[in-house]
Amino acid sequence: MHFVGVDLAWGERKPTGLAVLDDAGHLLHVSAADGDDEIAEALAPYVEGDCVVAIDAPLIVVNETGNRPAEAALNKDFARYDAGAHPSNTKKPEFADRPRGARIAARLGLDMNPRSGRSRRAIEVYPHPATVALFRLGRTLKYKNKPGRDLEDLRAELLVFVGLLEGLAAADPPLLVEGDPEGARAWRALASAVASAQRKSELRVVEDQVDAVLCAYIGMFATRRPEATTTYGDFETGYIVTPTLPDDLTPTPRGKAGADGPRDITAAVTAYAELQPELRLATEQYVDLVLSILDDAGINYLTVTGRAKSVASFAAKAARTEADGSPAYADPLVDITDQIGLRVITYVQSDVQAVVDLLGDQMVVHDDRDMGRETASLGRFGYASRHLLVGLDPDRDAQPAYERLRGRIAQVQIRTVLQHAWAEFEHDIRYKGTIPEEHVPDFDRRFTLAAGLLELADQEFSTIRDRLRGGTTDPAEEDEGEDDDPRISPRELAAFLAGQYADAGWSRTDHYEWIAGLVLELGITSIAELGDVLRPIDAAMLVERMDYRYPPGAVRRLDDALLWTYGDTYVDLRGNAHRAAALRARLAKMRAG
């Protein structure tokens, strides 16, 4: 079954927004059409079979003057939210004959009776009251162009609307704008067009299509949740279908915002939209900083990625409310803490703690949540990840190079590759797919079972690595064939360091290659020579002087040993030119002990 939304223009010369959802709520199609022929052609593939076409335009108008009974009844409930309907009557030229909406419905062969049980039908809907009911708005979003509203005001309100629609992925029924590839591309293009629009007319084209997506969702909502849907009016005199106004919702007092009244979400979204380009640059610098911290410590990891929260996502989060209708975020620009988000993926669980300890040593940690422990405390298996809120340490905060990050916090999610796979798959199934209600308990059980098995696998991988640390193959016994590279091979070096520093964690493969190059610069070309260099070093004393607050990787341990032995000569190696200042600071720490 398809649910089709039509934001019908008042005249055929203006664009009409079109949108189509499939039976599961995936957005399949969104576009603009200029005339009835183009509308019919665009919708033909989706209305051949079972369908509900929700049209934002009067379908039935029989009264000569004033409001239709449906409009009068709807206005009684919604006018105080600025969501009242304009009067429709046959004195108006557009309704003197058959309304355009009715002509479109007839052309598509659709039944217009809202009480009809037929498989192909059209209904009249109205987006404004639907937004109030679905999103618990104190007043409608002001994204329609009217006198006194400038481009930035309209853009901010439309971005809030886009974000709220994306938030319906978790609703009942869900609206899934990212599920279908074609629909997802079209939706992302719309969101991008809002952010980049230079004229109000450009926003208008997007606005029609976004309204159409909501119309399609209203059609699906009315079909799936008739008990939460109100039909104002009737088939004889005209009707409007909309989600039912919540009993406990109250209008926003005019002119009030902030702590003493409902929030001005628009102002927050406008400010965030202006800030977001700078946040993208800050995110890139935070990623570089975390990478440098991990690499310097020789911590093993798979990936470090980052993203600045999109404006639409920020808008959706800013508009969230608690069960009692109170704001979830009193000050969105301050209270929404994942505007900069980073993700560190490790191989095994012990590396997660190593990253946490390292970031705690090198940065300021404002908050630390162990989501796996919280899940386990409830006696369940499930989502497991470490969530940190971090900022610059005082030393970096004083440096001009980090000016862009000064005063900004970042959320860092740290989890193993298996935990990440579970989280991504679970999210895709629950929020980008659809689980029939009758199958939810079984799927919950299977997700829980998978989480338990992956936790066991994580433990086994940790055990395997610990066993390998304790007894590795003697590199001298391995014949790797002739090799023109004079460096000690990374494989040989890894095996040697596993024995030399049995309590150290593994390092990344490329780190072994990098340190092998430095070893060659020192004139060391064999494991035997390297062993001779390291043998006189008091490793325990060096560890004490370095006062590691995290488990350093094997490469970091070797790096420090070479720095201790060769001093300034090691600092001045060509391969260390990019980190000479950091090495001199580390050398001073060693010697000060």
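The values are calculated or read from the model by the stated rules, or taken from the named source; none is laboratory data. Everything numeric here is computed off the predicted structure, so don't read it as measured data. Quick reminder, even Gly has a Cβ in these numbers, built from the backbone with ideal geometry, and neighbours come from all protein chains shown. All accessible areas refer to the heavy atoms of the entire protein, side chains included, with ligands and DNA or RNA removed. Shrake-Rupley method; radii C 1.70, N 1.55, O 1.52, S 1.80 Å.
When you check residue 574 against the structure, is it more than 44 Å from the chain's Cα centre (by Cα) and open to solvent by 20 Å² or more (accessible area, probe 1.4 Å), yes or no?
So residue 574 fails the test.
For region 120-178, give me each residue that is of a type in the set (Val, Ile, Thr) and part of a helix (DSSP H, G or I). Once the filter is applied, which keeps residues that are of a type in the set (Val, Ile, Thr) and part of a helix (DSSP H, G or I), region 120-178 yields 131, 132, 160, 162.
Looking at the structure I just gave you, is residue 304 touching a residue at least 24 places away in the same chain (Cβ under 8 Å), more than 18 Å from residue 164 (Cβ to Cβ), assigned to a helix (DSSP H, G or I) and within 19 Å of the chain's Cα centre (by Cα)?
Working: touching a residue at least 24 places away in the same chain (Cβ under 8 Å): yes; more than 18 Å from residue 164 (Cβ to Cβ): yes; assigned to a helix (DSSP H, G or I): no; within 19 Å of the chain's Cα centre (by Cα): yes.
Considered against the rule, which asks whether it is touching a residue at least 24 places away in the same chain (Cβ under 8 Å), more than 18 Å from residue 164 (Cβ to Cβ), assigned to a helix (DSSP H, G or I) and within 19 Å of the chain's Cα centre (by Cα), residue 304 comes out as no.
Within region 208-223, residues that are within 14 Å of residue 57 (Cα to Cα) and charged (D, E, K, R) have Cβ atoms under 8 Å from residues that are assigned to a helix (DSSP H, G or I) and open to solvent by 10 Å² or more (accessible area, probe 1.4 Å) in no pair, counting only partners at least 6 apart in sequence or on another chain. The set of residues in region 535-555 that are part of a helix (DSSP H, G or I) and charged (D, E, K, R) comprises 544, 545. The listed residues are 237, 252, and the only one of them that is open to solvent by 10 Å² or more (accessible area, probe 1.4 Å) and at pLDDT 95 or above turns out to be 237. Only helices (runs of 4 or more DSSP H) whose full extent lies in region 11-108 are considered here, and the ones with at least 1 residues that are surrounded by 15 or more Cβ atoms within 10 Å (Cβ to Cβ) and at pLDDT 95 or above are 36-47, 69-78, 100-107. Output yes when any residue across region 298-316 is aromatic (Phe, Trp, Tyr) and open to solvent by 20 Å² or more (accessible area, probe 1.4 Å), and no when none is. Checked against the condition, which is being aromatic (Phe, Trp, Tyr) and open to solvent by 20 Å² or more (accessible area, probe 1.4 Å), region 298-316 yields no hits at all. Looking for something surrounded by 18 or more Cβ atoms within 10 Å (Cβ to Cβ), in contact with a Lys or Arg (Cβ under 7 Å, 6 or more places away or on another chain) and among the hydrophobic types (A, V, I, L, M, F, W, C) - is there at least one such residue anywhere in region 188-196? Taking every residue of region 188-196 in turn, at least one turns out to be surrounded by 18 or more Cβ atoms within 10 Å (Cβ to Cβ), in contact with a Lys or Arg (Cβ under 7 Å, 6 or more places away or on another chain) and among the hydrophobic types (A, V, I, L, M, F, W, C).
Could you go through region 164-185 and let me know if any residue there is of a type in the set (Lys, Arg), out of contact with any Cys (no Cβ under 6 Å at 6 or more places or on another chain) and either open to solvent by less than 10 Å² (accessible area, probe 1.4 Å) or without any contact (Cβ under 8 Å) to a residue 60 or more places away in the chain (or both). Scanning region 164-185, I find at least one residue that is of a type in the set (Lys, Arg), out of contact with any Cys (no Cβ under 6 Å at 6 or more places or on another chain) and either open to solvent by less than 10 Å² (accessible area, probe 1.4 Å) or without any contact (Cβ under 8 Å) to a residue 60 or more places away in the chain (or both), so the answer is yes. Of the residues 532, 503, 510, the single one that is open to solvent by 50 Å² or more (accessible area, probe 1.4 Å), assigned to a helix (DSSP H, G or I) and modelled with pLDDT under 90 is 510.
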